[in-house]
Amino acid sequence: MVEPVTATEKDQSGRTQAVRHEVWIATMWGLIVTMLLAAAIVVGSRNLSRFDSALVAYTFASLFAAFGITYRYSMWLQRPPTAMYWRRGWEAFFKRPYRKQNAVNWFRRVISDFGLNRFIWLRGKYRWLAHWLIMWGCIIAALITFPLVFGWIMFESVPGDLNSYRIYLFGFPTTAFKVESVFGFILFHGLVWAALLVIPGVMIAMHRRMRDEGAASLQVFREDILPLVLLFAVSLTGLLLTVSATWLHGYGYEFMAITHAATVIVTLLWLPFGKFFHIFQRPAQIGVSFYKDVARAEEAAKCRRCGHAFSSRMHVEDLIRVQRELGYRYEANGEVGHYQWICPRCRRALLALAQGKLRFPRASTVAAVVLPAVMPVPVNPGLGEGPLDVEDRENFHP
C-alpha cells in the first residue's frame, strides 16, 4: 500500500531538488574557473618552462582557493535576494537614460568606496585606518605574489651585465633595470612594504576588538580573530625572511621559509570559508548602488494606507517577488494587496492599534484611524551618521 505524500513533504522534496541543482551549477562553475586558471598558468609560464617547481604547493593552494571561492560565489548568486540584486544591478547600469551618469558614478564609487574606503570612514576613523592598511597591504602582496607563483613574471640577469635584471611578462622581455637602483630596491622589497602596511592594520584591528565593547560582544574567533592572526603570521614570517637574508647571513632562513609557506597555504585554503570571502562579495555592492540610483529616479511607492511616498516602486515589487520565492506570504485583504505596500510609519501605528484593539474590543477599527496628512520633520541629531549615510535619512519615517 502506497502512503499519500503530504504537501509538506512535496515542499521539502522541491527544496531539496533546488538545492541539488544549485550545488551542481556551483560545482560546474568552480571546475570551469579552476581549469581556466590552470590553463592560464601553463600558457603564461610558457608551458611551465618559467614555472618554479619550488612553488608548486602555493599553486595547488591557489587552485583550491579558486574552486572554493567560485563555488561559494555561485551559491551566493543563486539565492533569490542576491540573484534579484545582481540582475537588476546590470539592468540598471545599462539602462538607456542613465548610462552616461552610471559610467561617471562607476569611477567615482571605485575610487571612493574601494580605493578610499569612504563607507568605512563614515563608521569610524579608527576602524577605517585598520581596514585601509590591511586592504592595500593585501592588494600589493597579491599583485606581486600570484604572478610570480604562476610564472607570469620572471626576472633574469641581462647577458653581459650581471648588475642588471630584465623583467619577463608572460615570457616576453620588457624593461631592464639596475639591481642597485631605487626602482630595483622598491620592486624587490614590494612584499616588505605590503607587510609594513598589514601588520599595523592588524594591530589596530586587534586593539579595537579588545577594547571596543560593541565589537568584542559580537566577535567570533573563527570569523573575526583567526583572519587577523593569519594575516599577521604571513606578514611577520615574510619580514623575517628579509631580515634573515639581509642582516643574519641566512641564519634560520630555511625554517622561516617553511613556516611562511605553511601560513600562506593555510590562508589561501581559508579564503573560501572565512571572513576573507567578503573581499569577493564587496564589488557586487556597486551593482546595488546603481539599482538604488535608478529606483530613486523612477516612480516612488506610495503607502496604501496614508498615501505618502516611502520607497521606490521597483524595490517594493522586487521585494514582494523575492519573498514569494523564499516561501513568505504577506498578502493583505482589500486595496492594500500586500504588507510591503505599507510604509514603516503606518506599520508601527498598525501594530499599536492592533494591540489596542485586543485590549479594547469596542474601540474604533484599525482601518478607521487616519494619520495626519503632513509628515513630521525628523529632528534626530544623529540622523545620517550611521553606516547607510544617505539611506538613513531616506528611510527614516517618524
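May I ask you to derive the relative contact order of region 165-321, considering only C-alpha pairs under 8 Å and at least 6 residues apart, and to give it as an integer percent?
Normalised by residue count, the contact order of region 165-321 is 13 percent.
Which cross-chain or sequence-distant (5 or more) residues have an amide H under 5 Å from the amide H of HIS338, H modelled 1.01 Å from N in plane?
Amide H neighbours of HIS338, under 5 Å, 5+ apart: ALA332.
May I ask you to evaluate 6.51 cos²θ - 1.76 cosθ + 1.60, the Karplus curve with θ = phi - 60°, for each residue of region 46-55 and list the ³J(HN,Hα) values in order in whole Hz, giving x for glycine and proline?
6, 6, 6, 6, 10, 8, 8, 4, 5, 9
For region 212-225, take each phi angle, set θ = phi - 60°, evaluate the Karplus expression 6.51 cos²θ - 1.76 cosθ + 1.60, and give the result in whole Hz per residue in order, putting x for glycine and proline.
So the Karplus estimates, Gly and Pro as x, are 7, 5, x, 5, 5, 6, 9, 6, 10, 4, 5, 9, 10, 8 Hz.
Can you list residues whose amide H is under 5 Å from SER312's amide H, if they're 5+ apart or on another chain and H is modeled 1.01 Å from N?
Those qualifying (amide H under 5 Å, at least 5 residues apart or on another chain) are ALA301.
For region 175-232, what is the accessible area per residue in Å², given a 1.4 Å probe and the full set of protein chains?
For region 175-232, the per-residue accessible area is 60 Å².
Given the DSSP H assignment, sum -39500 (n - 2.57) over each helix run of at least 4 residues in the chain and divide by its residue total; what's the result at 222 nm in deg cm²/dmol, nearest 500?
My calculation for the chain gives -19500 deg cm²/dmol from helical runs alone.
Give me the orientation-averaged projected area of the Cα convex hull of region 143-281, in nm², one decimal.
Averaging across all directions leaves 10.9 nm² for the Cα convex hull.
Can you list the residues, at least 5 places off or on another chain, whose amide H is less than 5 Å from the amide H of SER164, using H built in the peptide plane?
Result for SER164 returns VAL158, VAL179.
Could you check how much of the accessible area of the chain is carbon and sulfur, as a whole percent, using a 1.4 Å probe?
Roughly 67 percent, rounded to a whole number.
For the chain, just the Cα set please: Rg and Dmax, both in angstrom.
Here Rg and the maximum Cα pair distance are 27.8, 101 Å.
If I stretch the segment between ARG359 and LEU48 completely, what's the gain in nm (0.36 nm per residue apart, minus their alpha carbon distance), one decimal?
Fully extending the segment from ARG359 to LEU48 adds 104.1 nm.
Work out Dmax and Rg for region 63-162 from the C-alpha atoms and quote the Rg first, both in angstrom.
Computed over the Cα atoms of region 63-162, radius of gyration and Dmax are 19.7, 62 Å.
ALA216 to MET203: extension gain in nm, 0.36 nm per residue of separation minus the Cα-Cα distance?
The span from ALA216 to MET203 would gain 3.2 nm if fully extended.
Going by average Cβ neighbours within 10 Å, how do the peptides 75-82, 131-138 rank, with the highest at the top?
131-138, 75-82
Once phi is turned into ³J(HN,Hα) by the Karplus curve 6.51 cos²θ - 1.76 cosθ + 1.60 with θ = phi - 60°, what whole-Hz value does each residue of region 76-93 show in order, with x for glycine and proline?
5, 5, 8, 5, x, x, 5, 4, 5, 5, 4, 5, 5, x, 5, 4, 5, 5
If DNA, RNA and ligands are ignored and the probe is 1.4 Å, what is the ranking of MET203, MET314 by accessible area, most exposed first?
Result, largest first: MET203, MET314.
So what's the net charge close to ALA205: Lys and Arg +1, Asp and Glu -1, counting the other residues with Cβ under 12 Å from its Cβ?
Once all neighbours under 12 Å are counted, the net charge is +3.
Please sort by residue number the chymotrypsin sites (Phe, Trp or Tyr not before Pro) in region 318-351 whose DSSP state is loop and whose Cβ has at most 15 other Cβ atoms within 10 Å.
For chymotrypsin sites (Phe, Trp or Tyr not before Pro) across region 318-351 that sit outside H, G, I, E and B with at most 15 neighbouring Cβ atoms in 10 Å, the list reads TYR328, TYR330.
Please work out the ratio of the alpha-carbon Rg of region 209-318 to 2.2 N^0.38 Å and round it to two decimals.
1.83
The values are calculated or read from the model by the stated rules, or taken from the named source; none is laboratory data. If you're wondering where the values come from, they're calculated on a predicted model, not measured in any experiment. Please note: Cβ atoms are built from the backbone with ideal geometry, for glycine as well, and neighbour counts cover all protein chains shown. Calculation scope for accessible area: heavy atoms of the full protein, side chains included, ligands and nucleic acids excluded. Shrake-Rupley method; radii C 1.70, N 1.55, O 1.52, S 1.80 Å.
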